[in-house]
Every structure is written in structure tokens, then in C-alpha cells.
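Structure, as C-alpha cells:
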Amino acid sequence: MQESFFTQAPYKYRPSIAGYLTNMKVDLNSMIADVLYLDKKNKINITKYNKNEIHFEIKSKADLDYSEDFLISILEHEHQNNTFDLNRLKKHVTVYESSIIKEMQGQFNLNIGLAQMKGLLPHVFLGIAANMVIGWITGMCGIFFFPAFFVMSSFGTYPTTSTFGLPFLLFATMYIGIFLAPYAVISVVVRQKLKKSPLEKKYLFKTFFWELVKLYFISLLSIPIMIFFIGAIFFPPIALIPLAFYAYFYYKYGIIAKKFLLWYKESEKATEHRIKWLEFKDFVIIHSEVEKRPIKYYEMWDEFYYYTLATGAIKEPFKE
């Protein structure tokens, strides 16, 4: 893949839009990037950076679009002596994300119904449905391995603690194959999208497959947690512990599924812009150390800093 070179950001719109395209969400760092963007546009003037705080003064409210006006109203509402801290800003992330999604709907033909899905139950139901689909694919692929299981069992070749030869390798290969089968099937389904850029394969693995693998490892806790169901016979409220665990599992599964659907069904323009932002993000990380620098370095790096922050490369902008 030919390396892209950037002397400026690929697009000049609000950083949180770049953040949503690359991460399928607007987070606190995206909001902070938008505050820096307002400073760049001379709508506010940032005077000082402290730990978890930004000191500012409002310079102009002229020619603000809806999301900019909304963000300034948040700053006005939450500031104390022209200072806002992250904890006070954090509680507005969800509603601010909604304003960005509405703005992106016309520009990128965003599926606003799916993008605006909020709350525990919708994500849990989507997670259950997605898990059923993955389970069905796994089951169908497992059928193809059944003859091998039957033949091996007929010859008494089940792997035990004392058999680590061919039978063990065959069983290990089959189990790994069954586990990876859903990801192989999904990769085939989205193959046309993956052809658009090598970055799409990296994005698919990191944003979806790797997140599912981590979630499945967490699900291993369900085995000891089942003990609580047994204990519920004697003390019923204890059953809430496994129920809370499964609610969390399917909630996270639903978030991953929602991001996948938004990615798979996004418009051509959204794909083109997202790939450009991913190239920009990789370029900045490879050719600088901006992702390691605290927020005061915005004064030096300008738009490179706040777009890198919005796209997720800078994790802790207030850490010295």
C-alpha cells in the first residue's frame, strides 16, 4: 500500500465528525477536540490548561452552526469562572453525540435510527440477535466437522492428558476452525468492502473481531457465575448477579453489532472519508509523537492535534 502524506487534515469539518467516522461514536475526547476547534475558529479563546480543566473566554457567537452553538451553550452552562472541567463536560457526551449524528445524516446519509439507538434494552436485544446469528453460523460449520468427530471416536482417538499426537492436533484444529468459522463467513460477506482499502481489513479486525474475542474471554466468567444460580435456591436475590453479568455481556455484544452494521451499511462518501481519516491517523502516529503529547501541545500542532485527538490516537490529553 502506498503511504499517504499529509501537510494538513484531509477535511476541515468538525473533529467530532472525524471521530464518529473512525470510531462510530462521539466520546469525551471528541468534545474536547471540538472545543479546540472553536478556539481555532476564534469563537472562544483558550487562556490556560490545568489538570482536567480548560480556562476560556467566549469571543464570538456569530455564524455558528447548530452543533457549535450547542457546544458553546454547554460551556456557558457548565463553566465556573470561565473554567470547565472534564467531569462536568462528560455528562453531556450522549446528547452531544445525538446533535453530531443529526448533522451527519444529510452529509453522509447516516442510518439515524440505528446510530441514535441508546439505552440498555435495545443493545441487549440486538446483542442477543447477533449472538444467535454467530451461534447459528458456528453450528452450521460444526456440522462439517461431525464426520471427523465420528471417525475419531470410532477408533478411540479422543485426545486425553496422555495423547498429544495426531488426535490432539486434529481436535485442536477442528475446535479452532469452528471458533474462527463465523469470522471467515463474515469476511466473505463483506469482501467487497474489504477490497476498497487494506485499512478496512485492519479496521474490521480491530473494531469488531478483536472486541468480540475479548468479550468471549470475559464470558468464560459465566461458568463460575452459574454457581450463583444454584445459590439462588436458598437466597433468591443472589440470582441478580448472573443476570447482571449476562445483561452486560449482551449489551457490549449489541454495541459491537451496532458498530458493525453502521460500518457495513455506510454510504460510499462515509467510507471514503473514514479511510482518509484512518490514513491521516496512521501518518501522524508514524511520523510524529503527537499522540503522546498533552493538550497544551495543541498550540504547536494546531489542527493536527485536535483531529488526532478526535480520531482516537490521543488517549489521555490531560496526562503530563
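Is region 210-229 home to any residue that is among the acidic types (Asp, Glu), over 29 Å from Phe318 (Cβ atoms) and modelled with pLDDT of 85 or more?
Within region 210-229, none of the residues are among the acidic types (Asp, Glu), over 29 Å from Phe318 (Cβ atoms) and modelled with pLDDT of 85 or more.
Test each condition in (1) modelled with pLDDT under 85; (2) in contact with a strand residue (DSSP E or B) (Cβ under 9 Å, 6 or more places away or on another chain); (3) among the aromatic types (Phe, Trp, Tyr) for Phe5 and report the one that comes out false.
Single failed check for Phe5: (2).
Just one of (1) more than 23 Å from Phe249 (Cβ to Cβ); (2) in contact (Cβ under 8 Å) with a residue 12 or more places away in the chain trips up Gly127, so point out which.
(1)
Write out, first by first residue and then by second, each pair whose Cβ atoms fall under 7 Å of each other, whose residues are 6+ apart or on separate chains, and whose first residue, in region 25-38, is more than 13 Å from Ile54 (Cα to Cα) and surrounded by fewer than 23 Cβ atoms within 10 Å (Cβ to Cβ) while the second is modelled with pLDDT of 95 or more and among the aliphatic types (A, V, I, L, M).
Cβ pairs passing all conditions: none.
Restricting attention to region 84-103, which residues are of a type outside the set (Lys, Arg), over 12 Å from Lys25 (Cβ atoms), assigned to a helix (DSSP H, G or I) and touching a residue at least 12 places away in the same chain (Cβ under 8 Å)?
Leu86, Asn87, Leu89, Ser99, Glu103
Step by step: first the residues of region 194-208, then only those that are buried (at least 18 other Cβ atoms within 10 Å of the Cβ) and over 11 Å from Ile275 (Cα atoms), then the one that is farthest from the chain's Cα centre (by Cα). Which residue is that?
For region 194-208, the residue satisfying everything is Leu204.
Out of the residues in region 265-320 meeting the condition of being touching a residue at least 60 places away in the same chain (Cβ under 8 Å) and of a type in the set (Val, Ile, Thr), tell me which one is surrounded by the fewest Cβ atoms within 10 Å (Cβ to Cβ).
Looking at residues that are touching a residue at least 60 places away in the same chain (Cβ under 8 Å) and of a type in the set (Val, Ile, Thr), I get Thr271.
Kindly provide the set of residues from region 25-51 that are among the aliphatic types (A, V, I, L, M) and assigned to a strand (DSSP E or B), ordered by number.
Matches in region 25-51: Ile44, Ile46.
The values are calculated or read from the model by the stated rules, or taken from the named source; none is laboratory data. It should be emphasised that the depicted structure is a prediction, and the values quoted were computed from it without experimental measurement. Using ideal geometry, Cβ is built from the backbone for each residue, glycine included, and neighbour counts are taken over all protein chains shown.
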